[in-house]
Structure formats: C-alpha cells, structure tokens
Amino acid sequence: MIRIDQLIKRYGALMAINGIDLHVPAGELFAYLGPNGAGKTTTIRILTGLTKLSSGRAALNGHDIEKETLAAKRQCGLVPQNINLDSELTVSENLDIHGRLFCMKPVARKAKINELLTYVDLHERSKSLVKQLSGGMKRRVMVARALMHSPRILFLDEPTVGLDPNIRRRIWSLIKKIQQDGTTIFLTTHYIEEAEFLADRVAFLDKGRIVAMDSPIKLIAGLGNWAIDWLTDDGMQTAYFPSRTAARESATAKENGFTLRRVNLEDAFLSLTGKKVQ
Ligand code: ATP
C-alpha cells in the first residue's frame, strides 16, 4: 500500500531523509519512531504530496507520488501534528469543507459527516464551534476530517502529542478501530508505549535513516526480555537478560540496589542509536 525506494530529501546541505526503503502492506499499522529531527514529518510530507522528494521513488496504492500526484493524494488522509482546524467554524462545517475539496456531492457529504461524527463519538458536538472543544475532541475531529473521502491510507503525525493519558488511550482505541475497519495506518510518534501498543511493525529512524524495522515483540526480544537498572558513580547502568531468573541472579551482586523490569522498545531504540526517543 505504501512503497518507498531509496528516498532522499535534502534541505541545502542537510540530508533530512538519507536513503529510505520501506514497504507497508495493506491493513498494517506501521509506526515510525525517532527523536526530534529524525525525519518523521518530512517522510509524511513527501508521501502526502506536501513537499517534493530530492531523489528516489514513493507510491501509494500503486500511484507514484510524482507522476500521479492527484491519484496518490486520493489514496490518503492526513492528520498533521499541529491542529489546523478552522476554529471559527463548527465541527460539521470543517468536515464539509474537506468533502467539497474532494468533490463529494452534498448528499454524500452529509451522510459521511453523520457517519464519521458517530464513529469518533462527537455526534452531539456537530454544531459546536471548534474553538469550544477540548484538545482531545479536536484531535478526533481531525481524524474524522481525514477520513471524509474514505482514504485507503491514514497518516497520523504525532496524533496524541500534548494529550493526557486517558484521552491518549481513547485516541488509541479509535486508531485500532480504523485499522480493524481496513485502513492502512502510518503513524509517527515520540511515545514508545504508543508504538508498542498499536503497531504491527515499527521502524526506528535516526538522522534520516532507518536503523531497525520489525514487530515490537521481535525488536524487544532481540535484546532479551528482562532488564535490570542500577546506579553507579557513572550514572544509571542497564543490562539485559533472556529470562527473569538470569536477571535476578546477576542483580543480587549489586550493592546499591537495582530495579528489575521488562525490556521495552525504548531499550531497543537506545541500544541501537545510543539515544532516547523522547
Ligand atoms: P519532530 O519529532 O521534532 O517533529 P521529525 O522527526 O518529524 O522531528 P522533521 O521535521 O522531518 O523531523 O525534520 C528532519 C530534519 O529536516 C530536521 O533537521 C529539520 O530541521 C529539517 N527540516 C525540516 N523541514 C525543513 C525545511 N522546510 N527547511 C529546512 N530544513 C527542514
């Protein structure tokens, strides 16, 4: 559904994307994980036709984004990082404008708005001005807007940034539901637990390159499933073990105490790049 071959994006001397190959099959929920400036948004901007690639190829559902830009754009919906709704318009007016831009007929637009506002649980707010909504509600309106033209692929750029944990989980449920209903999802995030919870596959991005790509379970298992952390004069140290027993046995020798825990995706990212995602 998404195909990227040898993608490069330069901004002057800066290589924002430095030779990425990526194939996302239909129905997958794919997460793109990396620290600030890794190239996540740039990749999404290229795939959604908002910025030009420098070299390489990219296609959405078989449509080359350079040669068949309009057809490629019709395949996807985008929820950008920043809230860019019209705050002086109502919820349903925001969706209606999007439907018009995609040349949807009035009857089809009305039906789709009703369907989507029920889907994102905001039907009772359809006539509210966007400026009167909470942050989590605005995110759900953005998701509904991106789905107006029934895209095959949904791009979500940091969909839960700045939301409190309860609201974040609500958005996660919505994202899962959209995937279960057949949409391919490409998600960027700083939140490790978000990728771990949602994604079928994750790519770790660092300085415009993919440094690892696999299912969260396999990326974690590559390190060992258990970790101990302990404090030394040089700071926090961590070691990884295949079993809880092995971790405990090693840890008993630590003089200043230790923490025994499950390995997570942050550990996998840290061990591959030497840096934290957040
Ligand atoms: P964040 O998590 O902070 O959103 P990101 O992984 O999405 O980061 P990008 O926004 O893709 O990173 O940026 C990748 C690199 O490209 C950064 O070094 C950024 O400064 C640079 N960059 C992005 N857009 C432009 C632009 N329009 N002009 C020049 N440089 C840019």
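Would you check if there is a residue in the stretch 105-118 being at pLDDT below 90 and open to solvent by less than 20 Å² (accessible area, probe 1.4 Å)?
no
If we keep just the residues of the stretch 258-278 that are part of a loop (DSSP other than H, G, I, E, B) and modelled with pLDDT of 80 or more, which is least open to solvent (accessible area, probe 1.4 Å)?
Only one residue tops the list, namely V263.
Checking N82 against (1) at pLDDT 95 or above; (2) surrounded by fewer than 19 Cβ atoms within 10 Å (Cβ to Cβ), which single condition isn't satisfied?
It is condition (1) that N82 fails.
Quick one: which of Y11, Y32 is surrounded by fewer than 22 Cβ atoms within 10 Å (Cβ to Cβ), within 16 Å of the ligand (Cβ to nearest atom), in the same structural domain as L163 (by TED's automatic domain parsing) and on the phi < 0 side of the Ramachandran plot?
Y11
Which one of these is surrounded by 22 or more Cβ atoms within 10 Å (Cβ to Cβ) and away from the ligand (no atom under 12 Å from the Cβ): I65, I46, I17? Before you say what the answer is, go through the steps one by one.
Numbers: I46 fails: away from the ligand (no atom under 12 Å from the Cβ); I17 fails: away from the ligand (no atom under 12 Å from the Cβ).
The conditions single out I65.
Do any residues in the stretch 152-165 that are open to solvent by less than 20 Å² (accessible area, probe 1.4 Å) have Cβ atoms under 8 Å from those of residues that are acidic (D, E), where the two are at least six apart or on different chains, and which pairs are they?
So the pair list comes out as T160/E194.
Considering only the stretch 232-257, state which residues are open to solvent by 70 Å² or more (accessible area, probe 1.4 Å) and either closer than 23 Å to A212 by Cβ or within 33 Å of the chain's Cα centre (by Cα) (or both).
M236, P242, R244
Just to be sure I understand the filter: pairs with C-beta atoms under 7 Å, separated by 6 or more residues or on different chains, first member in the stretch 21-37 and acidic (D, E), second member in a strand (DSSP E or B) and surrounded by 17 or more Cβ atoms within 10 Å (Cβ to Cβ). Which pairs pass?
Cβ pairs passing all conditions: D21/I4; E28/T184; E28/R201.
List pairs: first in the stretch 186-202 and touching a residue at least 40 places away in the same chain (Cβ under 8 Å), second open to solvent by 40 Å² or more (accessible area, probe 1.4 Å), Cβ under 6 Å, 6+ apart or cross-chain?
H190/Q278
Just to confirm my filter: which strands (runs of 3 or more DSSP E) fall fully inside the stretch 144-215 and include at least 1 residues that are more than 19 Å from R45 (Cα to Cα)?
Output list reads 201-206, 209-214.
May I ask you to list the residues in the stretch 119-131 that are in a helix (DSSP H, G or I) and either open to solvent by less than 40 Å² (accessible area, probe 1.4 Å) or under 20 Å from P80 (Cα atoms) (or both)?
Y119, V130, K131
Can you name every residue in the stretch 216-231 that is crowded, with 16+ Cβ neighbours inside 10 Å, in a strand (DSSP E or B) and aliphatic (A, V, I, L, M)?
A227, I228
Looking at E115, is it touching a residue at least 60 places away in the same chain (Cβ under 8 Å) and more than 16 Å from the ligand (Cβ to nearest atom)?
no
The values are calculated or read from the model by the stated rules, or taken from the named source; none is laboratory data. The shown structure was predicted, so the numbers you read here are calculated from the model rather than taken from an experiment. Neighbour counts are summed over all protein chains in view; Cβ atoms, including those assigned to glycine, are modelled from backbone coordinates with ideal geometry. Areas reflect the complete protein model, heavy atoms only, side chains present, ligands, DNA and RNA absent. Shrake-Rupley method; radii C 1.70, N 1.55, O 1.52, S 1.80 Å.
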